[in-house]
Amino acid sequence: MSLSLIALVLIALGTLAYIAGRARALASAGGNSRVLHSLPRYYGVHAAMLALVPAFGLMALWLILQPVVLSQTVSGMLSDDESGLVLSDVRRVADGLDLAVSRGVIDEADAQALTADGTIRDLLAQVGAPLASAVNPEVLNAAQAWRAWQSRGNGLMAVAVLIVALAGLGLAWMRTDKEMRARNRVEQGVRLLLIAAASIAILTTVGIVLSLIFTTVEFFRIYPASEFFFGTTWSPSFGGGSELGVLPLLWGTLYISVIALLVAVPIGLFSAIYLSEYASAKVRGIIKPLLEVLAGIPTIVYGLFALLTVGPLLLEVFGRDGLGWMQAGTAVMTAGLVMGIM
């Protein structure tokens, strides 16, 4: 059962709970709403909250924990020295196969019968899930196991969520009567929901920090810190044998900054002096809005423009074979010039 279908079923149960709770309260008061402690709609909202909130909470918790459990399970099927590196490929292959099945490119039987050859990579690229490398049998087997366990997990989740929703509906039916303080309970429940919503930002920040810490520890376990901080070669490779010295990155950053300042300081300073002291009101009224529009363009747009136009232009001007240093540093020069102009 898909998540959207589960959500629709829960919404239908919540609507039923609202109607049932409201009707139950009115029935206990003999149809006279003045006898009720709260307005009839509060009894309906209380019943709907009992049916929906625990069910959606369980579904959210299940969706968070299920990938963690599956990752731990699938990691046992991979080689110890590379399980962390290829686990993302396993998930990508599994998601790609799910996408291919959902779009009708292949059926479930074909997805289970696939073999690790070039066709699976072409198939995933066809449905918009390209892979950087070929799929080996180990990754494919792990992906097939991931899909199977995920399907079972989703089925169990659907059953558990529906049971919790029905239990909440039954509890609301038993507790609802004219003496129940429905408005107080609804307001307390809404307050708790608001507190939970406000806590998401804090928990997200804590999760990001913990993720960075664990990833950093794992990285330095694989790659020594001395080589990372004092290495002079930056050559990452997904196939292994990477050289990850950070010094070239620091030098490139300083190099770009110096070039950017050489361009930005005179142009920016002289432009500001001109607009402030010499430009007419008409010229200032045209140039200033144009500069504000340029300032609002995202940085990535300038970077893409530099990559596709400024870099090739510099190579055309200086020649590809004439100046070796220019050819080697074109990317850095281009980045510095564009940053300076920005």
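The values are calculated or read from the model by the stated rules, or taken from the named source; none is laboratory data. Values in this document were obtained by computation on a predicted structure and should not be read as measured data. So basically every Cβ, Gly included, is an ideal-geometry build from the backbone, and we count neighbours across all protein chains shown. Accessible surface is based on the protein model in full, side chains and every heavy atom, while ligands, DNA and RNA are left aside. Shrake-Rupley method; radii C 1.70, N 1.55, O 1.52, S 1.80 Å.
Gain in length, Leu16 to Leu63, computed as 0.36 nm per residue apart minus the alpha-carbon separation, to one decimal in nm?
Length gained, Leu16 through Leu63: 14.4 nm.
The string of couplings for the range 291-297 from the Karplus curve (6.51, -1.76, 1.60, θ = phi - 60°) is 5, 5, 5, 5, 5, x, 6 Hz, one whole number per residue in order, with x for Gly and Pro. Based on protein heavy atoms only, the range 156-251 ends up with 72 Å² per residue of surface accessible to a 1.4 Å probe. Label separation (Tyr223 vs Leu308): 3.0 nm, computed from points 7 Å beyond Cα along the C-beta direction. Taken one residue at a time, the phi angles of the range 262-275 give Karplus couplings (6.51, -1.76, 1.60, θ = phi - 60°) of 4, 8, 6, 4, x, 5, x, 5, 5, 5, 5, 5, 5, 5 Hz. Gly and Pro are set to x. By accessible area, using a 1.4 Å probe on protein heavy atoms only, the range 1-73 has 72% of its surface on carbon and sulfur.
Using a 1.4 Å probe over the heavy atoms of the protein chains, calculate the carbon and sulfur portion of the accessible area of the range 156-298 as a whole percent. Before the final figure, lay out each step's value.
Values: 7660 of 10490 Å².
Carbon plus sulfur share of accessible area: 73 percent.
What is the gain in length, in nm to one decimal, between Val209 and Ile287 on full extension, counting 0.36 nm per residue of separation less the C-alpha to C-alpha distance? If you can, show how the numbers build up before the last one.
Values: separation 78, 0.36 × 78 = 28.08 nm, distance 4.36 nm.
Once the chain is fully extended between Val209 and Ile287, it gains 23.7 nm.
Between Ile200 and Val105, the modelled labels are 3.2 nm apart [label points 7 Å from Cα along Cα→Cβ]. Summarising the label geometry, the points placed 7 Å from Cα in the beta-carbon direction at Val190 and Ser151 lie 4.4 nm from one another.
Three principal axis extents of the range 190-301 based on alpha-carbon atoms, in descending order, are 62, 57, 22 Å. Once backbone amide H atoms are built at 1.01 Å from N, Leu244 has Ser235 as its partners under 5 Å, excluding neighbours fewer than 5 places away on the same chain.
A straight line joining the Cα centroids of the range 1-67 and the range 158-173 runs 9 Å.
All C-alpha pair distances within the range 143-220, sorted into 10 Å bins from zero, spread as 14, 18, 30, 24, 11, 3, 0 percent across the bins.
Each principal axis of the Cα atoms in the range 248-293 has its own extent, and those three values, largest first, are 47, 20, 8 angstrom.
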